[in-house]
Structures are given as structure tokens and as C-alpha cells.
Amino acid sequence: MGKQWSKERAWEWYNSRPWIRGCNYLPANCVNRIEMWQEYNHDKVFAVMEEEFKLMQSIGFNSIRVIIEFLVWDKEHDGYMERFEKFVDLADRHGISLMVVLANDCMRPKGFEVDKLGEQPCDWGYHGGRKMSQHGVFGEMGHHYLDEPETAPRFFAMIKEFVEKYKNDERILIWNVYNEVGNSNRREVSLPNLKKIFEICREIDPIQPLTCETASYYGGNFDDVCEVEKYGVLHSDIISFHNYNSYQSNINTIRTLKKFGRPLINSEWLARCLNNNVEELFPLYYLEKIGCYNWGLVGGKAQYYEPWNSVWTQYEENPNMKWDFTKWFHDLFRLNHRPYNPK
């Protein structure tokens, strides 16, 4: 059974590689992760991946963050594992490692929409390509495959298979145990699942570090966050966080998390409308020696350049919000691979 890395081991790992910089990746011709990983139209998707990996390499990115997809693993197991290996190999050929997300709490409520393989629906004009995505405003708790007795064991089996297969593979940079654990009004409901996934990964004892970031921005008082978020941070080998807010908000987050004495990575950032931009934050992360993965690469079907639906809702309720809707939200390149902002 492996144990949490010491701070010394974490820093030795972190300092042995170049500054980590990249993006959260979805091909431009995919509206979601099902479309990215499934067999349907895979040749077309992979052709776009090949061109976009060249683009990433050309700007000096050396890592990307991707989320695995349970539905595809469950329904197309052998093909998915083959396609994932093909993806890992493609990234490696372009000098790009992977931060792999194993579980995710950015989820829709139960019964809201049933995910299926095949042609994926797309609503134009909406972040995530869906009029009501997980970034909409829901009063209900988000639903997870881990909530169902019949799918939970298979979900844990998927995680075990991925980590076991790549536990000694240096092409995988980090195991991101859980994305924004406790989000979607789940909070402590996800704590047993988080503990179980950490347990699975520690038992396998991979060469890669484990991390679990949360949805909080840590304005200065870590004691104020919920128990599931505390558990994720306190059991990580390296500490990852998300911050889509201002430069000053990022300063506050960094100040709070540096107190733990471990390497830091911001695995989600870039929301230009909310004053979270490349010009200020990319240099900040470099100077503070913080790895970073902005959200999005090429503006495509997922339309990450559109604001979250929740941002529109907040603005409609309070038009005095100092947000700039003339700017793209996420993404770095236009569909023709020209930069959104050449400067």
C-alpha cells in the first residue's frame, strides 16, 4: 500500500521537469467527452486531434488535462482502451504528457438528461454545446454513476484498470483523483467516493502523484471550506486548484495554498469575461512556479468561448456586474487555428 508522498518527494518530482503548462483538452469537432472517446466517427475525431496536438506543440505546451468517460468504457470497453492508448501515444509523440481525471462532480441532476453513444446533440450559442449544461443553475444535487449500486462497482473497476495499466508509464504525468469534489451541491455526499478512489490509487502505488482539486477559491481561510474539500487537499501529493476569478483572487488562493508546503498546479483557469486572462495570469503562474492548464484550446462545437449559463443568469439578476461580454470566455485559437488574440 502506497502512502501520501512526503513534501520532499513531491518537490523532487516537481523540480525534475520543466514548468508544466497546457490546457484542458477537447477536440474542436466534439461537443463532449462521449464524442471524444467513442468509436462513432473516431477517425474524424482523431484526425482533428493530430492537427491540434501539432498546434499545442508549436506554442510550447507540454501537458494536457483530460477526463475519462465511464459510459464509453462501460459500453465499448476494449475499443475505448485501444483508443485511449492511441491518444496517449499521439500526445507523447508531440512532447505532451497527460493529467488524467478519474472522477468528476460537475454533474447534472438525476433524470435531467440520459447520456447515449452515437450522434451527440449540440445547441449552438451555449457554453458546453448544451442549452442546459452542468454550468446551468440547478437547485438539485448533481447525480453521479457512483450514486447507483449497479454502476458504482464498475466505475471503481474502471479507475482501477486505468491506474493499474499506466502506473509505471511516464507518459501519464498526474492522476487527478477527483475533479471539483463536492460541486453540483454534492458536498459531503461525495466524501465516501473520494476516500475509496484515493484508497484504490494508493493500493496500486503508481509512480505518478495524486491530486484532488476543489471548486473553492480559498479567499484566505481554508477552515471555511467543507470537509470533502479539506480531505481532497490534505491527502494530495501535489495540490491543485481552480480559479476563474481575478488576478487578486488568484493571489489570495496561492497565498493560502502555499502554506501546505507542496507544489501547486492550477488545473482550470481562463475566463476573460470575469477578468481572468492570459496576459496577467500566465506570467503569474510562471513566476510563482505554479503549473497551469487553461480551459480550452480551439473554439469548436463545445463553444467554450461562450460564458457559462450561470454567468448570464447572474448578470441578468445584477446588470451592474463588471463583466466584459465582448470577450471570449475560454479557448485560445479560432477554428481556423489562428489565435483568438494574436498578442
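The values are calculated or read from the model by the stated rules, or taken from the named source; none is laboratory data. Only a predicted model underlies this, so the values are computations on that prediction, with no experimental measurement involved. FYI the Cβ positions are ideal-geometry reconstructions off the backbone, even for glycines, and counts take in every protein chain you see.
When restricted to residues that are part of a helix (DSSP H, G or I) and either small (Gly, Ala, Ser) or in contact with a Phe, Trp or Tyr (Cβ under 7 Å, 6 or more places away or on another chain) (or both), region 163-194 contains 4.
Residue 167: at pLDDT 95 or above and under 24 Å from residue 193 (Cα atoms), yes or no?
yes
Applying the condition of being touching a residue at least 12 places away in the same chain (Cβ under 8 Å) and assigned to a helix (DSSP H, G or I) to region 235-250 and asking which residue is surrounded by the fewest Cβ atoms within 10 Å (Cβ to Cβ) yields 247.
Exactly one residue out of 95, 118 is in contact (Cβ under 8 Å) with a residue 24 or more places away in the chain, surrounded by fewer than 20 Cβ atoms within 10 Å (Cβ to Cβ) and within 29 Å of residue 141 (Cβ to Cβ): that is 118. Listed by first and then second residue, the pairs with beta-carbon distance under 6 Å, at least 6 apart or on different chains, first residue in region 185-200 and under 19 Å from residue 161 (Cβ atoms), second outside any helix (DSSP H, G or I) and among the small types (Gly, Ala, Ser), are 197/103.
Scanning region 251-282 for residues that are more than 28 Å from residue 5 (Cα to Cα) and either in a helix (DSSP H, G or I) or hydrophobic (A, V, I, L, M, F, W, C) (or both) yields 270, 271, 272, 273, 274, 278, 279, 280, 281. Look at region 157-176: where a residue is closer than 18 Å to residue 65 by Cβ and in contact (Cβ under 8 Å) with a residue 24 or more places away in the chain and a partner is surrounded by fewer than 20 Cβ atoms within 10 Å (Cβ to Cβ) and acidic (Asp, Glu), sitting 6+ places away or on another chain with Cβ atoms under 7 Å, you get 171/92.
For region 174-193, give me each residue that is hydrophobic (A, V, I, L, M, F, W, C), over 14 Å from the mean Cα position of the chain (by Cα) and crowded, with 23+ Cβ neighbours inside 10 Å. Selection gives nothing. Annotation: of all residues in region 312-343 being closer than 19 Å to residue 52 by Cβ and free of Cβ contacts under 8 Å to residues at least 12 places away in the same chain, the one that is surrounded by the fewest Cβ atoms within 10 Å (Cβ to Cβ) is 342. For the condition within 21 Å of the chain's Cα centre (by Cα), closer than 30 Å to residue 14 by Cα and of a type in the set (D, E, K, R), residue 115 does not qualify.
Among the residues of region 255-273, what is the count of those that are modelled with pLDDT of 95 or more and buried (at least 18 other Cβ atoms within 10 Å of the Cβ)? Of the residues in region 255-273, 12 are modelled with pLDDT of 95 or more and buried (at least 18 other Cβ atoms within 10 Å of the Cβ).
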